[in-house]
1. Quick one: if you stick a label point 7 Å off each Cα along the C-beta vector at residue 929 and residue 849, how many nm between them?
2. Would you work out what percent of the accessible area of region 956-1056, with all protein chains in place, is carbon or sulfur (probe 1.4 Å)?
3. Give me the number: length gained by fully extending residue 140 to residue 314, i.e. 0.36 nm times residue separation minus the C-alpha to C-alpha distance, one decimal in nm.
4. Once you sort the root eigenvalues of the Cα gyration tensor of region 250-325 as a ≥ b ≥ c, which label holds: rounded (a/c under 1.5), prolate (a/b larger than b/c) or oblate (the other case)?
5. Once you list every other residue whose beta carbon is under 14 Å from the beta carbon of residue 1056, what net charge do they have if Lys and Arg are +1 and Asp and Glu are -1?
6. For the pair residue 185 and residue 438, how long in nm is the line joining their label points, each one 7 Å along Cα→Cβ?
7. What order do 412, 172 take when sorted by accessible area (1.4 Å probe), most exposed first?
8. What does the charge count near residue 1038 come to, summing +1 for each Lys or Arg and -1 for each Asp or Glu among other residues with Cβ under 11 Å from its Cβ?
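The values are calculated or read from the model by the stated rules, or taken from the named source; none is laboratory data. Predicted, not measured: the structure shown is a model, and the values here were computed from it. Positions of Cβ are backbone-derived with ideal geometry, glycine not excepted, and every protein chain shown enters the neighbour counts. Keep in mind that these areas ignore ligands, DNA and RNA; they rest on the heavy atoms of the full protein, side chains included. Shrake-Rupley method; radii C 1.70, N 1.55, O 1.52, S 1.80 Å.
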Amino acid sequence: MKKFNIRKVLDGLTAASSSSASAQSGSKENDAIPESLQSEHFQLCKTVRHGFPHQPSSMAFDPVQKILAIGTQSGALRLFGRAGVECYCQHESGAAVIQLQFLVNEGALVSALTDDSIHLWNLRQKQPAILHTLKFSKERITFCHLPFQSKWLYVGTERGNIYIVNVESFTLSGYVIMWNKAIELSTKTHPGPVVHISDNPMDEGKLLIGYECGIVVLWDLKCKKADCRYNYDEAIHSVAWHHEGKQFICSHSDGTLTTWNVRAPAKPVQTITPHGKQSKDGKKPEPCKPILKVEYKTTRAGDPFMVLSGGLSYDTLGRRSCLTVMHGKSTTVLEMDYPIVDFLTLCETPYPNDFQEPYAVVVLLEKDLVVIDLGQIGYPIFENPYPLSIHESPVTCCEYFADCPAELIPALYSVGCRQKRQGCSKKEWPISGGNWGQGTHSYPEILVTGHADGSVKFWDASVLMLQVLYKLKTAKVFERARGKEEKPSTDIVDEDPFAIQTLSWCPESRIFCVAGVSAHVIIYRFSKQEVTTEVIQLLEVRLQCELNDVGFPDGAVEQTPTLPTPGTTSSSPQESEPTPPTSTGSNSSDGPRDNVPCLKVRSAPLNQSPGYQVELVVQLLWVSGEPPQPITSLAVNSAYGLVVFGNSNGLAVVDYLQKTLLLHMGTLELYSPTEPYLRQPRSPRKTQPSGDIPPVTSCMSSLSSFYTESVKKLRSSHFPVCETNEGTNTTEERCKSPTSVKSKSRRFSKTVANDFAKMSRKISSPTTEHKPDMGEIVLRQCFHKQSGSVKVARKPGTAPMLDVQRSQSCGSFNTNNAFARSRSSSVTSIDRESREAISSFQLCDSFPRKTDPASAPGPSLWVGTSQGAVLAVSLSMPPDGDQRLQEHVGVSPCGTLVRLKGGVLTMAFLDTSGVLIPRPCELWFEPNATDQDRERPKRRPPASPPAYSEGQYAVVCSEKQAKVVSLPSHSCVHKHNITEASFVLRAEVVQLAGGLCIVCFCANGHIIALSLPSLRPLLDVNYLPLTDMRIARTFCFSNLGQALYMNSSMEIQRITYIQETCDNLQEMLSELFTPVETPEAPNRGFFKGLFGGGAQSLDREDLFGETTAGKASSSLAQHIPGPGGMEGMKGAASGVVGDLARARIALDERGQKLGELEERTAAMMASADSFSKHAHGIMLKYKDKKWYQL
């Protein structure tokens, strides 16, 4: 029979009355807090996109504006100018871009898509928009050509026909070149699609048409007939002209290059196979892979350049893609890291009928952009100024920091500039067009990305730009296996064992922490001096959850475990002081692995360059054959000198100053035994009362086999995302790799740790249980590892504080408890009861206990769990200085403070006036300075007087709701249910120019903002449905209204949710088009002009115009007006600063032109006056003379 405890009832009534009273008082206090943020201050819009274009498909270059355009298979356009000048556009259809053509120096771009549409983009505005669209309905587009300084676009189709489009009106001309008229009448087969179109450089009236089958036709535009036809047995991939218009070169599918004279169509002048093996008997070389593209560029002072891609021999199967540069008698083969998509040769002149003078080659690869310098020996590459190396290794996590210390970016750049690639070209980057924006958005911003290879990159993200500052390689700390046979059997992931799981950074002190997928934590300090570390400091932790069996056989008497009291000793092994984990673990095949880490720390001396240097390595160990669970949460505080991390087993607190472990315990141990939130662990099997009865092993054996089969698949995912359905959970639905992309939308789990916990679990054997005495006090002991021994971490004259390893069965158990669960043997039901992962941390000065409001806040650790509980741990910090390095930090759990729906995501603290309380931190100092030069700084002084000593507000946000709790009364002041049908993936308390708010990103794609402290809704926009796990893993908010996420494996999309930033976006964006004079046409010379040897022009307007050619059939293509004109007007009309700047520039240009006109007028008047005088003198000289006297 259950005992009735009147004492608990009275305590509950007292707590309820006190909480209601405190809530009323808290609400009265909160009513006086003004909130300046309103809904009209928020607006969501995209700003810029960084990174390499995902799945590139085509490329074009404007040689006058110096702008590069790249099209992708998803219909995106990326335009690049000088460093920091980038632009992103998107075709609405999402069809792949097959070709791009610039209207050179006109500020316009033509794009051709696989959906048989061509678009005209206006680049004269900061946000380019489509002016016209022409949609072909009967034929498929295969190739386009736009001659220099022409408004007529040639469009080749799959049927072999060529249509002509006026790019000004985007209408079809009646002039059509039909395939059956272009080829010989005797040809019995279709020539195939058009693969090339170009006009003769010296005669615009002659058009060269290449068909896929190998036929090339020189078409006379005026006479409307074929002048010559050139036949070859192999398919054609590309054609290139000599600038004099007398020869052209074709690349073929058998790896050959054929050179043809225009006036000799019978056979090619020369046929070569650049990479073919020449046979000794003089026969044709062996066929090679197709030469996909060839370009032929001439120079005035030397041999021409021939650049080609492909054409390698078939016996080089394992060889990477190559670019071949043939110059004179030398042939250089340049290997690329990725397959070549396209390449372009950059030349000094845009005129095709002049010596091109090539100086660089732009090579577009599948995952990189390379620019090769043709002017230096060895063809070095240019150093790329764009942030295109984000995907160098897959991004596994990222954090975004705004309004950082001003000296931080220069410090990171000073150490990162030494990591630049050696051997690059010394010339300036050739793609140098555009201008930077004029916005006033100038606060420092830093993006930190963690990668699958264990590297961490720091990026300067200020002023809508992105530039890499510094790269940290965490894998240097560990030993690397040279081969698969040397791979340690303790690895819990098959690939990428050094992948970054999560990170924590204190910008003020520059203390940096990373947690890896192999259950390791590394603490770094920033130093400007190079040091050599002989021995890396290592701390090993046994963080394992042990669950005692609490079920009882039928008829057995329920027992409760004994809790040790202070000052008493126990003979029970469970109550005695535990033995420390030894450094030598068991890793043999005979028994389970125990006390061994997943990775082996480097034993040789480590030379550490200036930058981030290793301070301490913490590793979780295998325990009784079970691998350590992945770390789900990490936090560092430089003012306290502590690092805390947690997983599905519990948490650990590490003092990185003393290199000691202060605390590690299970999540359930943080609860107070008497609180109602305590969820007692249960076992699916009943405890055997005696050793005579054989143990029940069926459930455990199936559980262990289930674990062994699934753990390898599970560990290979750096950041698993699984379903949270309360029903069955299959193994296939549990995880995804951070680099995988799935189009199928799923509902994801609430925390990462739950997914790992559902797959692995250790249930300990039953232990001897004792009944506790009434009123006994639960004290825990903390042990830390030092010199191979375990000591009690305590202050002088105090009792032990924390227990190093205990079972999670503390407290009184009752089978009729309301929190008791089903005894089902399924893994899901077991872990739903017992596993409660750590999801978030907060280290701050606060009120961890219900105390007198007059008391001052103290150091504390706030812990959020995956089940929505917020627990507090009180910290007792020694004084600064030498005492901090000698005395131990006191740690005391305080129990649960608040409970929410869903896992806790973030926590923050406000003072009584609603101002965000900054986390205590230490200012940076040089750790490797001498004792005389070292001046250890104190904590950063608070920005405002410590008004929070009178009280605080704790802001807690979970996956379902947000709460504001008044401290120290611990009463809930405000509560808001964020979502019911979905759940929050990322939440942050951010500081804006007008106040504070909580911003959330939900799994249904909504971005929500709530005011503080009243939790009033300010913004709710359906922005981006979660179709890719990468978005959920990398979405992050920062202060001052900025956010970003990885929208693909290579690109970062930045957004803003502030109205002011959206209004000023036009001024902040860079300009692509700048007024530049077109270079003068090449001088034909006197004799060429006299005898007609120069380039011959063509009046295309007269030939292709409606008056001569007539109208095209309306069924061929449909003209669709674009929104570019209206958007251009809006862009030009937005922002007073931009208008004034443009007006000032226009006035300056007008004044300059007027001044030049005045000077030229004066010069002409002087010349006319001089001519008049000379003419008058000649007239007077010969006035009176006869004709025979001359």
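1. Result for the modelled spin labels: 3.9 nm.
2. Working: 1200 of 2410 Å².
Whole-percent figure for carbon plus sulfur exposure: 50.
3. Full extension of this stretch gives 59.4 nm more.
4. Note, shape of region 250-325 comes out oblate.
5. Details: positive: 46, 49, 1054; negative: 445, 1060, 1063, 1067.
Once positives and negatives cancel, what remains is -1.
6. With each label point 7 Å from Cα toward Cβ, the separation is 6.6 nm.
7. 172, 412
8. Values: positive: 1054; negative: 399, 403, 445, 988.
For residues surrounding residue 1038, the net value is -3.
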